[in-house]
Amino acid sequence: MNLEIKLGIKRLVDVALAVFGLLLCFPLFLLTALLVWLESPGPVIFRQARSGKDGVVFQMYKIRTMYDGVPHMRNPDGSAFIARNDERVTRVGRWLREFSLDETPQLFNVLRGDMSIVGPRPEKPDYTAELPGWALEKLRFKPGCLSLTLIHGRNELPWAERNQLDIAYVRGFSLWLDAKIMVRGVWTMFVNRKGLYSPPKPLATVTLEPFEKLVDPIAHHQTASKERIP
């Protein structure tokens, strides 16, 4: 089966799952939207520019979990800082993040064709501008709601290692790999909920090196303490 056919099947699966997910989550979405609106002023839906396929910028949707207007913070390695007891996060927002419910509006992005159910992580454009040349290969695919990064440690992993996993997905793409990531991704988000927050000890600055070795996307083991790509 050639790549074009596999991507066509992938798109059909995306649309079917997005429609099913939106119908399933709609009552919960109304409830959470009301709670967010009642707790703090600001929009219920948080929109943020992200880099899509081929670097085309789109607006990604999430339910707002922080107080409106708070500053963006980054770890020493350049990744977004997400603390367990972050004062920027609302009480409702902490609950939404715990079960990744703030991510559900991304299903609208899937329907629009901006994103896929499974793919590389969606980067902010300023983060994309800082990527080394080897990591730009991730832009060959639409970014995903679920990813290899999610199931191997997500925010606990250094930024460089997250990008290495994204490249592993792009180079090892298959419909079977997507199915595995879906199953393990749902388990990670709703059952073990690992990797939600940045490590309590700040990460050392990562030196981004040329991509030399393809990580096996399934046999890869979480190594959140690593500071450099091997």
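FYI, it's all coordinate maths here, none of it is from the lab. None of these values were measured; they are calculated from a predicted model. For neighbour counting, all protein chains shown are included, and Cβ atoms are generated from backbone atoms with ideal geometry for every residue, glycine included.
Some points to look at:
- Given their separation in residues at 0.36 nm each and the Cα-Cα distance between them, residue 72 and residue 16 gain 16.7 nm when the chain is fully extended.
- Full extension of the chain segment joining residue 94 with residue 108 gains 2.8 nm, where the gain is 0.36 nm per residue of separation less the Cα-Cα distance.
- Label-point separation in nm, residue 54 to residue 3, each point 7 Å along Cα→Cβ: 1.4
- Overall form of segment 91-187 per C-alpha gyration tensor (a/c, 1.5; a/b vs b/c): rounded
- Each of residue 25 and residue 177 was given a label point 7 Å from its Cα along the Cα-to-Cβ line. The distance between the two points is 2.4 nm.
- Computed on the Cα trace of segment 1-95, the radius of gyration divided by the Kirkwood hydrodynamic radius gives Rg/Rh = 1.06.
- Segments 152-164, 124-136, 49-61 sorted - mean Cβ within 10 Å per residue, highest first: 152-164, 49-61, 124-136
- Share of pairwise Cα-Cα distances greater than 26 Å in the chain is 35 percent (whole percent).
- Exceedance of the 20 Å cut-off in Cα-Cα distance is limited, within the set 10/142; 62/142; 142/180; 10/180; 6/124, to 6/124.
- Positive dipole terminus of the chain, leading residue within 189, 44, 167 (C-beta point charges): 189
- The distance from the alpha carbon centre of segment 2-71 to that of segment 117-150 is 16 Å, rounded to a whole number.
- Computed over every Cα-Cα pair of segment 1-54 and binned at 5 Å starting from 0, the pair-distance distribution P(r) comes out as 4, 15, 12, 16, 18, 14, 10, 6, 3, 2, 0 percent.
- Ordering 25-35, 182-192 by mean Cβ neighbour count within 10 Å, with the highest value first, yields 182-192, 25-35.
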